[in-house]
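Beneath this line is the structure, given in structure tokens, with notes to follow.
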Amino acid sequence: MVGASSLQPRLLSSFVGDRLLLSKQPVSRLFLYKPGNKHVSMQLSRTLSGLTNLLFNRSRNLDEVPNAERQRLRPGKLSPRRPVPDHIPRPPYVNSRQPPGIASGAEVHDEKGIECMRSSGKLAAQVLQYAATLVKPGIKTDDIDQAVHQMIIDNGAYPSPLGYGGFPKSVCTSVNECICHGIPDSRALEDGDIINIDVTVYLNGYHGDTSATFFCGDVDDEARKLVQVTEECLYRAISICAPGVEYKKIGKTIHDHADKYSYGVVRHFVGHGVGRVFHADPVVQHFRNNDGGRMMLNQTFTIEPMLTIGSVNPVMWDDNWTVVTEDGSLSAQFEHTILITKDGAEILTQC
């Protein structure tokens, strides 16, 4: 819950937690706030240089799941931060609890940069593929983090989430109603869960970013359909990408497909430029919008739609990272890093 006394622009992005990001927009133009309301919303605009964000509400009661058989997620215990060997290069933001914000300007690469992006993307894809083999009832999300962490450092890379604005783990594990940024902890996966695993690696000075949602055990048809359609949304969006295409066509493509199944499209988290920095322009919105801007040759960015069965309104836990659906309904996400080529788009994070 956000009170009137806390209306400083604490913005949230695709991987920026409840931290301060600077914007030239006055608060009165960024946010819509009515005294007495529990919700604070943000007016989305590409004039904000960086990822489009929102002030979130604190969760009121973790047990408030209307008409749900499964239990609402609860925070588990965190293990100590895992070490990274000294010889592995770190991104500049590591050891600072202040996120670096959003880099202005698109990530456009020369041939050397493209090869580096292919390498980081390939490793991220391989790590995600390995993480998927670990998903089964009884495994703790912290065990997944440990395995992912070890594979990344064994390949001479740094797990990009670790230390980003104080994020304590090397991967995000978002289970069931968790929209994104779930922190791996002592909770064991249960039969019927769905889990999004979000992997980003920093290799040779470039980030590769990808995620997918996986089934744990016997998953019901409702959850399976949500996951299937979310993945379809991602690939449909990628298929329309090419030099000169307007970014807003991504959002329309995703939203149109989600509407066919009456799924909600989360508006408060977006895709982003990625490469030498973790987060850069452009803002890639996954819903219908009127944003300007066009894709450029040799540019890299992510597309990462998040769909829900019910409410798209997000609630943030007290850890300042974990974001869940307001009504406890299931959420799914898929993500790729893509390179804009003369022929369309190359998926860099696909095995």
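The values are calculated or read from the model by the stated rules, or taken from the named source; none is laboratory data. Keep in mind that this is a model prediction, so the values were computed, not measured. All Cβ positions, even for glycine, are placed from backbone atoms using ideal geometry, and neighbour counts span all protein chains on display. Calculation scope for accessible area: heavy atoms of the full protein, side chains included, ligands and nucleic acids excluded. Shrake-Rupley method; radii C 1.70, N 1.55, O 1.52, S 1.80 Å.
How far, in nm, would the chain grow between Asp343 and Asn290 when pulled straight, counting 0.36 nm per residue and subtracting the alpha carbon separation?
Working: separation 53, 0.36 × 53 = 19.08 nm, distance 2.51 nm.
That pair, Asp343 and Asn290, stretches by 16.6 nm at full extension.
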All aspartates and glutamates inside 15 Å of Lys169 as judged from Cα atoms, apart from same-chain residues fewer than 8 positions distant: Asp142, Asp143, Asp145, Asp185, Asp198, Asp319
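Using the Cα atoms of region 193-299 to build a convex hull, what is its mean projected area in square nanometres? Let's see the in-between values first.
Details: hull surface 30.6 nm².
For region 193-299, the mean projected area of the Cα convex hull comes to 7.6 nm².
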Give me the distance between the Cα centres of region 327-347 and region 165-235, rounded to whole Å. 13 Å
Mind checking the per residue accessible area of region 195-276 for me, 1.4 Å probe, whole number of Å²? 35 Å²
I need the peptides 138-150, 329-341, 72-84 ranked by packing, meaning the mean over residues of other C-beta atoms within 10 angstrom, with the highest value on top. 329-341, 138-150, 72-84
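How long is the gain from Lys112 to Asp220 if the chain were fully straight, where each residue apart is worth 0.36 nm and the alpha carbon distance is subtracted?
Values: separation 108, 0.36 × 108 = 38.88 nm, distance 4.55 nm.
Going from the current span to full extension adds 34.3 nm.
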Cut-off 12 Å, label point 7 angstrom out along Cα-to-Cβ of Val94: give me the residues of region 155-169 whose amide nitrogen falls inside. 156-164
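Suppose R0 equals 22 Å; then what is the FRET efficiency for Ala242 and Gln129 from their Cβ-Cβ distance, rounded to the nearest 0.05?
Numbers: r = 27 Å, r/R0 = 1.23.
So the FRET efficiency works out to roughly 0.20.
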Just need the relative contact order of region 177-319 here, percent rounded to a whole number, with Cα pairs under 8 Å and 6+ apart. 24 percent
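Under a Cβ-Cβ cut-off of 9 Å, what is the net charge of the residues other than Phe301 that fall near it, where Lys and Arg count +1 and Asp and Glu count -1?
-2
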Once R0 is set to 35 Å, what does the formula 1/(1 + (r/R0)^6) return for the Cβ-Cβ distance between Tyr235 and Asp86, expressed as a FRET efficiency to the nearest 0.05? 0.30
Long pairs among Lys252/Lys342; Lys112/Lys342; Lys225/Lys248; Lys112/Lys140, criterion Cα-Cα beyond 28 Å: Lys112/Lys140
So how far apart, in nm, are the two label points at Gln350 and Ser186 if each is 7 Å from Cα heading toward Cβ? 4.2 nm
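When ligands, DNA and RNA are left out and all protein chains stay put, how many square angstrom of accessible area per residue does region 296-351 have with a 1.4 Å probe? The partial results should precede the final answer.
Working: 1560 Å² over 56 residues.
Accessible area per residue, region 296-351: 28 Å².
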